[in-house]
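Data first, discussion second: the structure below is written as structure tokens.
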Amino acid sequence: MAFSGYGAGPGGAPQQDPLFGYFSAIAGQDGHISADELQRCLTQAGITGSYQPFNLETCRLMINMLDRDMSCTMGFQEFKELWQVLNGWRGTFVSYDRDGSGTIEGQELEHAITSMGYHLSPQAKNCIMKRYSTNGRIRFDDFVSCCVRLRALTDQFRRRDTTQTGNASFHYDDFIQVTMSI
């Protein structure tokens with residue numbers, strides 16, 4: 001399901017983004033989506049396809065990844081960005097889930113991570129595999145959780161790597177805040 005932004009409709013009349021109507025129905029009066037609303041929304045939308053619905057913790061992670069106003073909820077622009085990111089991750093996952101089982105194996109996870117532009121040591125990849133696999137297989141929900149954490153940690157690291165050398169300094173309290181928010 002692809003969505004575009006606001007634009008002109010027939011005759012130049014403004015056309016509302018179809019995703020906004022969907023967002024509004026889920027968000028309700030407050031105009032924001034909480035983690036449990038996001039879970040229901042993504043399940044109803046079928047973004048997980050035949051895979052199991054996202055667990056609530058994965059939904060919290062997704063909100064935290066894009067929560068620029070620190071409200072622990074998502075506004076429309078954050079939701080729209082998440083929708084695009086999730087579709088990309090889903091496409092990556094599906095391309096490695098060749099048997100349609102709803103899981104990928106460790107080596108496929110490594111290839112997926114590399115295809116997304118992350119260059120990690122074998123030790124880091126092994127750590128990720130241990131964290132996100134069950135019996136050597138990674139479910140879509142765990143894949144998304146992994147992608148959220150990789151993206152968020154990488155973003156936080158890059159903000160502190162001001163010289164672009166692959167090195168950053170963290171104070172202990174800053175490190176705790178970064179890792180606990182992801």
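Just so it is clear, none of the values below were taken in a lab; they were calculated from the coordinates. Keep in mind it's a predicted model, so treat the numbers as computed, not measured. Because the Cβ atoms are built from the backbone with ideal geometry, glycine has one as well, and the counts that use them run over all protein chains shown.
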remark   = Taking a crude spin-label model, label points 7 Å out from Cα along the C-beta direction, the Asp69 to Asp174 distance in nm is 2.8
remark   = To the nearest 0.05, the calculated FRET efficiency linking Asn126 and Thr165 through their beta-carbon distance, R0 being 30 Å, is 0.75
inquiry  = Can you tell me the length gained on complete extension of the stretch Ser115 to Gln29, counting 0.36 nm per residue apart and subtracting the Cα distance?
reply    = 27.0 nm
request  = Round to the nearest 0.05 the FRET efficiency obtained for Ala45 and Gln77 when R0 = 25 Å and r is the Cβ-Cβ distance.
outcome  = 0.90
key: Cα-based shape type of segment 36-182, given that a ≥ b ≥ c are square roots of the gyration tensor eigenvalues and the cut on a/c is 1.5   = oblate
